[in-house]
Each structure stands twice: as C-alpha cells, then as structure tokens.
Ligand code: ADP
Ligand code: MG
C-alpha cells in the first residue's frame with residue numbers, strides 16, 4: 001500500500017469519513033550557500049518527497065491529528081495556550097496560530113498525515129509539513145492568503161513555536177516549487193524567477209554523511225560577523241553596499257589591508273557565490289549542465305577553503321566525485337556535516353554510488369545514506 005492509501009485507510013478508521021488530500025515537498029538548493037544572510041541569491045527547488053495529509057473540517061474548535069509515522073494521536077485547541085507537547089504537532093499548531101494572527105479563519109479539523117522526507121538530513125522535512133498545512137488551511141477556509149505569506153507562516157511557525165530561527169528559503173521552495181524548475185530567490189528584495197531544470201541523462205543524488213559536527217552554530221555566527229565586517233569596510237567607499245552581496249569583487253580588493261585576512265576570504269567566497277548563481281542560471285537557460293556542475297565544484301572549493309565550513313567527510317565525498325567524473329558536487333546546507341549534492345551522468349551513477357558507499361564506510365566506519373531526488377511540485381491539492 002502506498003503512503004496515500006495508508007493515510008486514507010487510517011482516516012476512515014479514525015473518523016469514519018473521507019477528507020481531501022494535500023501535499024507539499026522537501027527541497028534541495030542547487031547553488032547559493034551562505035548567501036541568504038548576505039542579501040544574495042539562493043536557488044532551491046522542491047523535490048519528489050514530502051508530506052501528504054488528509055483533512056476534513058470537524059465542526060468543533062479542536063484539531064484532531066494523527067501522525068502515521070510516529071503512530072501518535074493528538075488533540076489540541078486553537079488558543080495560544082493550547083500548544084501541544086509533541087513536536088510534530090506543534091508544527092501544525094503553529095501554522096494554525098500564524099494563520100489566525102494574519103486574520104485568517106481556522107476552526108477544528110481532523111487530519112491524518114505521513115511523509116517520506118528523511119528527518120534532519122537537510123531536505124527540510126519541517127518546511128514540507130508546515131507548507132502542507134499552511135496551504136491546506138488557506139484552501140479549506142478560503143482565506144485568500146497569498147503564497148509568499150503562506151511561506152512566511154511556515155517560517156514564523158519555526159521561529160515562534162519550534163525554536164528555529166530559520167530564513168525563508170525552505171518554506172519558499174516548499175510552497176512555490178514547480179516540477180522541472182528551480183527558483184532563484186533574491187534574499188534582499190524577495191524577487192524570484194523560475195529557471196528550467198530538466199537534466200535529461202543526469203541524476204541528482206544526495207549523499208548524506210550522517211555526521212553533524214558540533215562547531216556548526218558558533219562557526220555560523222562567526223561567519224556572519226566576518227561578512228558584516230567586510231561589508232562595513234566596503235561601505236565606507238561605496239555607500240550603496242547594504243549587504244555584502246551588493247559589493248563588486250574589486251571593491252573587496254580595495255579594503256584587503258583594512259580587514260583581517262580571514263574576513264577577506266569569507267567575503268571572497270560570498271561575492272563569488274552570488275556570481276556563480278547567476279552563471280548557473282545562464283547555463284540552465286542554454287541547457288548547459290556541464291557548466292552547472294563546474295560551478296558546483298567551485299562552490300565546494302569556496303566553502304571548504306575560503307569559507308571553511310566543510311569537514312573531512314564532505315571533502316572526501318567531493319574528491320571522490322571528481323575522481324569518478326561526476327559532473328558537479330558540493331556540500332549542501334550550512335556545512336560541518338549533512339549532505340553533498342551531486343549531478344551525475346546516468347551511466348556513471350552506479351559506479352560512483354557504490355564506490356562512495358564502500359569507500360566512505362571503510363574510512364569513517366559508518367555508511368552514508370543515498371537520496372535520489374527529482375525536482376517536483378510544492379504545496380498543492382491532490383486530485
Ligand atoms: P529537517 O531538516 O528535516 O527540517 P527538522 O528538525 O527541522 O529537520 O524537522 C524535523 C521535525 O519535523 C521532526 O522532528 C517532526 O517533528 C517534524 N516532521 C517532519 N516530517 C514528519 C513526518 N513525516 N511526520 C511527523 N512529523 C514530521
Ligand atoms: Mg527543518
């Protein structure tokens with residue numbers, strides 16, 4: 001039985017009726033890393049794994065929710081004081097509350113849901129969950145909230161109900177995702193544009209190192225401070241520079257001896273990365289996936305040597321990708337662990353993946369996980 005059928009069967013057993021089915025997706029980011037807080041571009045897309053939820057209004061003031069994956073049933077009210085203790089339920093509760101805060105109507109409903117985004121692997125299962133319910137509630141109560149605001153409902157849920165101070169990219173990709181398209185989002189202006197991504201003859205595959213080095217959050221704050229410091233130095237010569245992403249490369253060179261070398265290298269990476277996103281977009285419009293791949297390697301190099309947020313496991317996977325003629329490979333996400341994202345020719349896929357699994361396991365004592373992804377639709381009503 002597939003996920004949808006299991007949901008429908010459970011829904012009928014629990015509630016004795018049928019509801020409507022909604023879905024949303026996890027996401028990848030092809031390129032544009034550590035650019036969001038620098039006012040630069042990110043370039044995400046929704047993927048073919050996500051959350052599916054069946055929902056029907058129940059005429060009460062309570063939400064009745066069943067998580068198939070956790071095999072747990074929870075009931076909660078819709079007042080601020082009704083926050084459920086189960087973390088999965090607090091995402092749904094948060095989405096309800098954030099909808100209400102925006103003037104939307106929310107009343108009681110019954111739901112059963114399940115998902116197939118690996119949790120905590122960097123594919124944003126939480127955004128898939130939030131955007132499924134944000135979209136569904138907006139639809140069912142006919143609230144007329146626009147799509148960007150639906151993404152912000154997910155983001156605010158993370159901030160206010162789940163203790164995660166995330167940016168907007170994950171929820172944006174999950175809500176706006178479209179099959180066969182990546183979306184370039186300008187994190188300063190929030191303008192976005194779709195670009196075709198149909199890599200025929202290639203696979204997009206993530207290799208999860210299954211490590212998370214503890215350095216991550218302190219290092220993240222230090223990187224942000226370096227970027228702000230570099231931007232401030234450049235701003236003295238070029239007042240139009242609000243964020244580091246506004247700066248030209250030569251403007252960074254002008255201040256090289258006014259800032260610590262470390263800050264210079266961080267800024268060099270960011271300015272390069274903003275340009276690489278634009279180059280990848282141009283390449284995609286020509287269907288030039290070889291250039292896309294080369295840019296991914298350049299990003300990895302920058303993240304590893306200039307921004308210094310890679311780690312032994314990720315550098316190992318990246319080097320192996322080069323050795324096996326993989327078209328593009330880089331660490332995806334904040335760094336210090338998590339996944340590499342790889343663009344691999346079909347005929348090289350088997351050899352590369354089996355080598356990566358074997359050699360990684362031999363070196364690090366545990367197997368990596370492999371996730372094949374296809375760029376797919378985001379939040380939607382299922383027919
Ligand atoms: P990620 O990087 O995957 O977003 P998070 O820690 O932000 O990792 O979110 C994972 C949380 O989202 C889980 O702990 C759970 O509360 C919720 N979640 C995600 N997928 C599911 C699911 N299929 N069923 C229930 N809860 C889920
Ligand atoms: Mg998350």
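A short reminder: the numbers here are calculations on the coordinates, not readings from a lab. This is a predicted model, so every value here is computed, not measured. When we count neighbours, we look across all protein chains shown, and the Cβ atoms used for this are built from the backbone with ideal geometry, even at glycine.
A few points about this structure:
- Segment 69-108-segment 336-379 distance, computed between alpha-carbon centres (Å): 36
- P(r), alpha carbons of segment 188-244 - 5 Å bins starting at zero, rounded %: 4, 12, 11, 11, 13, 15, 18, 11, 6, 1
- Considering only Cα atoms, the convex hull volume of the chain works out to 149 Å³ per residue.
- Between segment 178-204 and segment 13-60, the Cα center-to-center distance that results, in Å: 16
- Volume per residue for segment 141-215 equals 169 cubic angstrom (convex hull of Cα atoms).
- Shape analysis of segment 1-151 based on the Cα gyration tensor places the equivalent ellipsoid semi-axes at 26, 19, 14 Å, largest first.
- As a proxy for reagent exposure, ranking 152, 101 by other Cβ atoms within 10 Å from fewest up yields 101, 152.
- Rounded to 10°, Cα long-axis angle of helix 261-285 versus longest principal axis of the chain: 70
- Sorted by Cβ density within 10 Å, fewest first, the residues 35, 60: 60, 35
- Cα Rg, Dmax, segment 226-318, angstrom units: 14.6, 42
- Relative frequency of Cα-Cα separations exceeding 18 Å in segment 322-372, percent: 32
- In degrees, nearest ten, helix 125-140 long axis to first principal axis of the chain (Cα): 50
- Helix 216-237 axis versus longest C-alpha principal axis of the chain: approximately 60°, rounded to the nearest ten.
- Helical content alone sets the calculated 222 nm signal of the chain at -14000 deg cm²/dmol, taking -39,500 (n - 2.57) per DSSP H segment of four or more residues and averaging over every residue.
- Kirkwood Rh, angstrom, segment 202-373 [1 / mean 1/r, Cα pairs]: 17.1
- Listed from fewest to most Cβ neighbours within 10 Å, the set 90, 354 follows the order 354, 90.
- Rg over Rh [alpha-carbon atoms, Kirkwood Rh] for segment 1-41: 1.37
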